[in-house]
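First comes the structure, then the notes that go with it.
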Amino acid sequence: MVSYTNNYFLFNLTASIYYFYLMRIKSIFQFIFNSFLIAITLNAFALTHDSTEVIKLNKKAYDNRLTNPDELIKQAQKSLEIAKAIGFNNGIAEANRVLGIGYYYKNDPEPALKSYLEAINYFKISKNLAGEAKVDNNIGNLYRESDYDAAIQYYDLALAIAQKLKNDDQIATIYLNFGNIYRRKKNYSLALDYSNKSNIIFTKEHDVVNMIQCLQNRGVIYFWMKQLDTAKVLLLEANKQAKEKDLNFAVASINLTLTAIFMVKNEFKEAQNYLDEGLKYAQLVSSDKLEYDYKLTSYQLEAKRKNYAGALTILSEIYHADSIKYKRVVSDRLALYQIQSQQAETQHKQEMMLAERKNDQIFFWATVLIAALLVVVVILLINNVNRKAKTNKDLTGLNQKITEQKENLNQINHHLEEIIDDRTKDLQIKNKKLADYSLHLSHQIRGPIATLKGLLNLEKDNLIEKDECIKLMNKCVSEIDDNIIDMSGMLHETTKKS
């Protein structure tokens with residue numbers, strides 16, 4: 001019994017110690033894990049905050065494309081700087097794309113193309129198909145004035161991706177550009193079809209800015225279809241809505257066509273009003289191309305009025321501008337070739353830089369992990385030494401207590417054996433006395449009982465008087481009663497003594 005108790009006690013003690021150490025190790029690892037989680041969360045929060053700022057700047061810049069291209073470029077450059085600082089590839093790509101749009105609206109195709117190529121490289125690195133589709137669409141717009149087939153090729157690439165992603169907004173934008181390109185190719189029915197399809201989607205999406213552009217495009221198409229009244233209604237509405245939304249570039253562009261409509265109608269005063277107004281908007285958005293178009297339109301208006309002197313003055317200005325433009329085109333082609341070469345080199349450097357950055361991040365986290373594991377190992381070793389010392393001390397104390405308890409149990413067992421021996425001897429004495437009392441009682445009671453039997457027989461045979469018999473029987477009963485009382489007294493006396 002004592003051995004079983006000791007084993008059970010030791011088993012419980014061992015289990016408790018094991019559970020205690022297990023919980024300590026679990027707590028240490030939980031602490032380290034929580035620390036890493038907090039560090040990663042704080043880092044992610046900082047990056048998320050900065051990336052959110054990049055996204056906001058890109059959107060704000062893009063919204064300025066028809067209002068203030070100069071402001072667009074400033075905002076996109078700021079966004080690009082932040083995105084590069086935090087390594088936000090999608091942000092870098094979109095900032096470059098928006099920057100290209102700004103240069104496009106300023107009629108500066110070379111930096112626009114450079115920005116677009118930079119954007120598409122980063123979108124490919126990020127595996128952002130939607131971004132690639134947007135850039136393909138933007139590059140198509142660059143070719144829209146000079147190479148219709150190349151423009152259509154890029155639009156087809158963009159449309160295939162947009163349809164694969166089921167991106168209605170992008171699909172509508174590409175349809176709008178298809179309308180522009182087919183109008184230039186003089187396929188007016190197809191141009192009108194694409195413009196109407198894009199308008200349906202933009203109306204569904206409540207995209208007011210692009211709905212205004214759809215109005216303008218349809219008005220221009222009807223102008224070239226010589227349906228001047230329909231064109232006039234659409235363009236006047238587009239002009240009104242563009243002014244309400246501060247779409248300066250759109251107003252300047254719309255007014256060119258309105259001027260042409262009034263010139264065809266010989267309404268020269270209205271034509272001059274829209275020409276003057278449009279020129280101010282063109283100067284406001286700093287668009288060399290629009291300003292050149294307005295000079296050409298001014299020449300046509302003066303020629304239509306038969307103001308040949310004024311027309312000749314404007315024509316000389318146009319010739320001078322064309323000469324400068326030709327020189328610029330030659331220079332720009334050389335610059336473009338250089339830019340493309342630099343672009344390839346830059347792309348290679350970026351890929352190397354990204355690979356190096358990725359390796360640096362892997363090395364950093366590996367170093368942090370190894371350092372953390374070393375700290376854990378040191379802590380565990382220190383705790384293990386301390387726990388062993390404490391465990392040894394506790395076990396020594398417990399062994400001493402167990403020894404003391406064992407001695408106490410031995411003493412208790414010895415005392416119990418003595419008590420059992422005394423009780424056994426006492427019971428033997430009592431059993432002997434009971435045997436003696438039983439013999440004595442048997443002797444004392446059997447005599448009176450035998451007398452009673454004899455009296456009963458005598459009485460049965462009528463050999464004794466009835467009264468005498470009763471008297472003798474009472475005497476026998478009294479003797480029996482006296483013997484029983486004496487025996488009871490002796491038994492009680494024995495019990496008290498024991």
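If the cut-off is a Cα-Cα distance under 16 Å, which aspartates and glutamates reach Lys106, setting aside same-chain residues fewer than 8 apart in sequence?
Straight-line reach from Lys106, under 16 Å: Asp63, Asp70, Glu71, Glu145, Asp288, Glu291, Asp293, Asp332.
With +1 on each Lys and Arg Cβ and -1 on each Asp and Glu Cβ, how big is the dipole of the stretch 36-179 about its Cα centre, in debye rounded to the nearest 20? Before the final figure, lay out the partial values.
On the way: 16 positive and 18 negative charges, 79 e Å.
The calculation lands at about 380 debye.
Under a point-charge model restricted to the Cβ atoms of Lys and Arg (+1) and Asp and Glu (-1), what is the dipole moment magnitude of the stretch 89-240 relative to its Cα centre, in debye to the nearest 20?
Values: 19 positive and 17 negative charges, 57 e Å.
Here the size comes out at about 280 debye.
Give the lysines whose C-alpha is closer than 28 Å to that of Lys269, dropping any in the same chain fewer than 8 places away, or say none.
By straight Cα distance, Lys269 reaches Lys226, Lys232, Lys240, Lys243, Lys245, Lys280, Lys289, Lys295, Lys304, Lys306.
According to a simple spin-label model (label point 7 Å from Cα along Cα-to-Cβ), what is the distance in nm between Asp426 and Asn392?
Here the answer is 5.3 nm between the modelled labels.
Applying a 10 Å radius around every beta-carbon, put 90-98, 171-179 in order of their mean neighbour count, most first. Write out the running numbers ahead of the final one.
Working: 90-98: 26.3, 171-179: 23.9.
Highest-to-lowest ranking by the protection proxy: 90-98, 171-179.
Using label points projected 7 Å from each Cα along Cα→Cβ, tell me how many nm separate Asp481 and Leu409, to one decimal.
6.0 nm
For the full complex of protein chains and a 1.4 angstrom probe, list Phe364, Phe88, Phe123 by accessible area with the highest value first.
Numbers: Phe364 110, Phe88 50, Phe123 5 Å².
Ranked from most to least accessible, the order is Phe364, Phe88, Phe123.
Could you tell me how far the Cα centroid of the stretch 160-191 sits from the Cα centroid of the stretch 389-415, in Å?
Spelled out, the Cα-based centre of one part sits 93 Å from the other.
Express in whole angstrom the spacing between the alpha-carbon centres of the stretch 244-278 and the stretch 77-145.
Measuring centre to centre over Cα atoms gives 32 Å.
What does a probe at Met353 reach in the stretch 115-142, counting residues whose amide N is under 16 Å from the point 7 Å along Cα→Cβ?
Within reach of a label on Met353: 115-126.
What does the highest-first list of 297-309, 371-383, 106-118 look like by mean Cβ count within 10 Å?
Numbers: 297-309: 15.9, 371-383: 11.9, 106-118: 20.5.
So the peptides 297-309, 371-383, 106-118, ranked by packing, come out 106-118, 297-309, 371-383.
The values are calculated or read from the model by the stated rules, or taken from the named source; none is laboratory data. In this text the structure is predicted, and so the values were computed from the model without any measurement. Neighbour counts are summed over all protein chains in view; Cβ atoms, including those assigned to glycine, are modelled from backbone coordinates with ideal geometry. Areas reflect the complete protein model, heavy atoms only, side chains present, ligands, DNA and RNA absent. Shrake-Rupley method; radii C 1.70, N 1.55, O 1.52, S 1.80 Å.
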